[in-house]
Every structure is written in structure tokens, then in C-alpha cells.
Amino acid sequence: MSTLALTVYVLMWPALVAGVLFVICRGFLREWAEARRENRRLI
């Protein structure tokens, strides 16, 4: 395996995890804001 391919493969995972974490946090913040507007508990 070439050095460039291995580098791209290794660096792909943190980017993928960051993207998934962003989507999860965005959904949580939307739910939290909606609960605050409706004056109800999140849990």
C-alpha cells in the first residue's frame, strides 16, 4: 500500500467521526431548543 493511500485511509476516520458527531450534536441541540420553547423537560 502506498504512503499516500495509507495516509488518506488513516485521516479519513477522524473526519468521518467528526461528521457523525456533528450530526448527533445538531439533532440534540434542535430537540433541546424545541423543548425549551415548549417549556418542557428534555427527558
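The values are calculated or read from the model by the stated rules, or taken from the named source; none is laboratory data. Please read all numbers here as calculations on a predicted model, not as lab measurements. These area figures cover heavy atoms from the full protein model, side chains too; ligands, DNA and RNA do not enter into them. Shrake-Rupley method; radii C 1.70, N 1.55, O 1.52, S 1.80 Å.
Brief remarks follow.
- Solvent-accessible surface (1.4 Å probe) assigned to Trp13 amounts to roughly 120 Å².
- On Cα atoms only, tilt of 3-37 relative to the major axis of the chain in degrees: 0 degrees
- Once the 1.4 Å probe is applied to the protein heavy atoms, the chain comes out at 98 Å² accessible per residue.
- Per atom type, the chain shows carbon and sulfur on 70% of its accessible surface, probed at 1.4 Å.
- Sum of -39500 (n - 2.57) over DSSP H runs of 4+, divided by residues of the chain (222 nm, nearest 500): -30000 deg cm²/dmol
- Computed with a 1.4 Å probe on the full set of protein chains, the accessible area for Met12 sits at about 90 Å².
- Pairs of C-alpha atoms in the chain farther apart than 17 Å represent 54 percent of all such pairs.
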